[in-house]
């Protein structure tokens with residue numbers, strides 16, 4: 001299994017990822033971190049850090065439940081509350097990302 005497949009699988013299983021420099025923090029929300037998962041992450045740590053870091057840049061994304069998240073640190077063109085792009089246009093644009101309609105979970109404001 002390649003790093004992207006491992007990352008996708010763990011996201012689908014409810015794991016949360018956060019990168020800080022060379023540190024990869026992973027938390028299980030629906031199941032615990034097992035020795036098998038830790039071993040996979042250790043083997044592919046640098047590749048997974050690169051994937052997570054790319055997606056933590058702050059762009060809009062869809063949560064697994066379909067809610068659109070537009071972080072305050074994203075490009076102002078997406079800030080609908082400040083005259084930016086319409087929510088429907090932003091949601092359409094980010095529905096078909098390389099990882100599907102879900103993303104890394106981190107602190108953010110949602111539009112529920």
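Quick note: the coordinates plus some simple rules give every number you see, no bench work behind them. Keep in mind it's a predicted model, so treat the numbers as computed, not measured.
When the Cα atoms of segment 1-99 are enclosed in a convex hull and the volume is divided per residue, what value in Å³ results? Don't jump to the answer; show the numbers that get you there.
On the way: hull volume 10.2 nm³, N = 99.
Hull volume normalised by residue count: 103 Å³.
Translational D (Stokes-Einstein, µm²/s) of segment 3-55 at 37 °C and 0.692 mPa s when Rh comes from the Kirkwood sum over C-alpha pairs?
Working: Rh = 11.0 Å.
Estimated diffusion coefficient is 299 µm²/s.
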